[in-house]
Every structure is written in structure tokens, then in C-alpha cells.
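Read the structure below first, then the notes.
The values are calculated or read from the model by the stated rules, or taken from the named source; none is laboratory data. Predicted model only: the values in this text are computed from it and were never measured. Quick reminder, even Gly has a Cβ in these numbers, built from the backbone with ideal geometry, and neighbours come from all protein chains shown. The protein model used for the area step is the full one, side chains on, heavy atoms only, and it has no ligands, DNA or RNA in it. Shrake-Rupley method; radii C 1.70, N 1.55, O 1.52, S 1.80 Å.
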Amino acid sequence: MPPPVWLSRPAATATSSSTPCWTAAAPYSPDAASAGRRSLRNAALDLIAAGDPQAGAARAAERLTEATNMTDRLAALGTLALIPGEAREAAFAEFAARYADEPLVLDKWFAIQAQIPEPGTLERIARLQGHPAFTMTNPNRVRALIGSFAFGNPTQFARRDGAGFARVADTVAALDSTNPQVAARLLTAFGSWRRLEKSRGAKAVEMLNGIKAIPGLSRDTADIVARTLGDG
């Protein structure tokens with residue numbers, strides 16, 4: 001039986017390279033076929049890493065080095081982010097140094113780390129908040145780090161001990177007087193508290209009530225608190 005079509009060598013076309021889809025260093029092309037091959041290649045990398053983390057880490061590190069476009073670089077970094085070890089931390093350090101002058105790329109770097117589903121992510125976020133590239137006066141940077149954690153890391157945001165809720169609530173409280181719109185947007189992450197099991201839901205409500213009690217709370221944040229608690 002012949003191999004599935006999606007594993008076959010792609011035919012050369014006028015808009016895409018004849019380089020096999022599994023080759024990491026294929027010349028970049030924005031056409032749909034090339035984008036599809038990149039997506040397939042990166043999905044395969046995730047599957048390899050899930051089945052064999054050591055092999056996945058090695059391949060992801062290699063792809064991160066050889067990639068010809070940011071899509072593949074970020075995909076490789078995202079795969080590495082899920083595999084604890086020296087290779088991951090080295091990749092994060094090298095990526096930050098390489099793109100230190102690229103704000104939008106650094107936002108992705110912050111976001112990927114914020115979404116690591118590990119207990120140590122809260123400590124990582126605390127370190128990242130002290131990084132020279134992080135500032136609370138940059139809304140995009142806050143959304144990249146704290147927003148990605150609140151909306152993209154459910155296992156750590158909704159930790160049983162409430163520490164994930166507290167990290168976001170502290171950020172909301174710190175931002176409310178200077179950027180109430182961003183503070184209110186972060187607060188919407190608490191909107192699912194009723195669907196959590198009882199102890200986690202109680203921790204979320206505790207944080208919401210703490211924010212509600214802040215003197216001089218902005219209208220934006222106060223409105224979200226009231227709506228989320230059902231006071232409106």
C-alpha cells in the first residue's frame with residue numbers, strides 16, 4: 001500500500017519549493033501550500049516531542065537554529081517550552097538575546113513562557129517581571145506575560161492554592177490607576193469561576209472581592225468586578 005498523501009514528497013510548483021516538507025531549512029514562501037507544509041511539519045514536531053521528549057528537544061533545538069522564518073522559530077521554541085531541561089533554558093536565553101531589539105518578537109517570547117503548564121511557571125513569571133524588557137507601562141508586554149498566563153494557562157491560573165489568581169489580581173490592582181482598560185481586560189479571566197470546582201471558585205471570588213474593596217477603583221474595573229460577581 002502506498003504511503004498517505006500527506007507523507008509524500010510534495011511536487012514542485014511555481015509558487016513553492018520542491019524541498020521535502022519535513023526539511024526544516026526549506027526556503028520561505030508565503031503561499032498557501034508552503035504555509036500548510038510548515039503547519040504540518042510543526043505539528044509533527046509536537047507529536048515527536050510528546051512521544052519522545054529527548055528526541056523532540058533535540059529536533060526542536062535544531063529547527064530553532066536552522067529555521068528560515070519566524071513561524072518555524074516560534075513553533076520550535078513552543079515545543080521546547082514544554083520539555084524541562086537545560087536545552088529549553090538555553091533556547092530561551094539565546095532567543096531573547098537575538099531578538100532583544102524586536103518588541104513584537106519579545107512579546108511572543110514572554111507569552112510562550114507564561115503558558116508553560118508547570119507549577120514553576122509562577123516563579124518564572126515573577127522573574128520575567130523583573131526582566132529588563134518587561135515594564136508595566138507597556139500594555140502589550142503586560143498582555144503578553146500576564147494576559148497569556150491568565151487566558152492561556154488554565155492549569156496554573158486556576159491552581160488549587162489560589163496563587164495563580166493572586167498573581168493576576170495583584171497585576172490588576174497595580175494597573176488600575178494607570179491603565180484601567182488593560183486591568184479590566186485581565187480581570188475578565190475570572191469570568192469562569194462558577195464552572196470551577198468549589199475550592200477554586202472560592203479562591204477566585206476571594207480575589208474578586210479583594211479588588212472590589214480597593215479604594216478609588218476605576219469605573220472599568222469596578223464594572224467588570226460587579227458583572228463577574230453577579231452584583232450588577
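For the chain, the relative contact order is 10 percent, taking Cα pairs closer than 8 Å that sit 6 or more residues apart in sequence and dividing their mean separation by the residue count.
Using a probe of 1.4 angstrom and keeping all protein chains present, the accessible surface of the chain works out to 53 square angstrom per residue. The calculated FRET efficiency for residue 118 paired with residue 28, based on their beta-carbon distance and R0 = 35 Å, is about 0.60. Counted without the sites themselves, the longest stretch of the chain free of chymotrypsin sites (Phe, Trp or Tyr not before Pro) in a DSSP loop having at most 15 other beta carbon atoms within 10 Å is 29-232. Extension gain for residue 50 to residue 87 (0.36 nm times residue separation, less C-alpha to C-alpha distance): 11.7 nm.
Once you order the gyration tensor axes a ≥ b ≥ c over the Cα atoms, which shape class does the range 60-164 get: rounded for a/c under 1.5, otherwise prolate or oblate by comparing a/b with b/c? Oblate, since a/c reaches 1.5 and b/c is not below a/b. By the compact-protein rule of thumb, 2.2 N^0.38 Å, the alpha-carbon radius of gyration of the chain corresponds to a ratio of 1.20.
Across the range 30-152, the mean sequence separation of Cα contacts (distance under 8 Å, 6 or more residues apart), normalised by length, yields a relative contact order of 17 percent.
Computed extension gain for residue 138 through residue 69, at 0.36 nm per residue and net of the alpha carbon distance, reaches 22.2 nm. Here the scattering of the range 117-185 is modelled by Debye summation over its C-alpha atoms, one equal scatterer each and no solvent; at q = 0.14, 0.28, 0.29 Å⁻¹ the log10 of I(q)/I(0) is -0.38, -1.40, -1.45. Other residues with beta-carbon under 14 Å from the beta-carbon of residue 123 carry, at +1 per Lys or Arg and -1 per Asp or Glu, a net charge of +1. Computed over the range 159-232, relative contact order equals 37 percent, with contacts defined as Cα pairs under 8 Å that lie 6+ residues apart. The accessible area of residue 83, taken with all protein chains in place and a 1.4 Å probe, comes to roughly 20 Å².
Quick check: at a probe of 1.4 Å, how many percent of the accessible area of the chain sits on carbon and sulfur atoms? Result for the chain: 58 percent of the exposed heavy-atom area is carbon or sulfur.
Would you mind pulling out the separation of the Cα centroids of the range 122-198 and the range 41-100, in Å? Answer, in whole Å: 25. Counting only whole DSSP H helices of the chain, there are none at least 20 Å long by C-alpha along their axis and with mean Kyte-Doolittle hydropathy no lower than 1.6.
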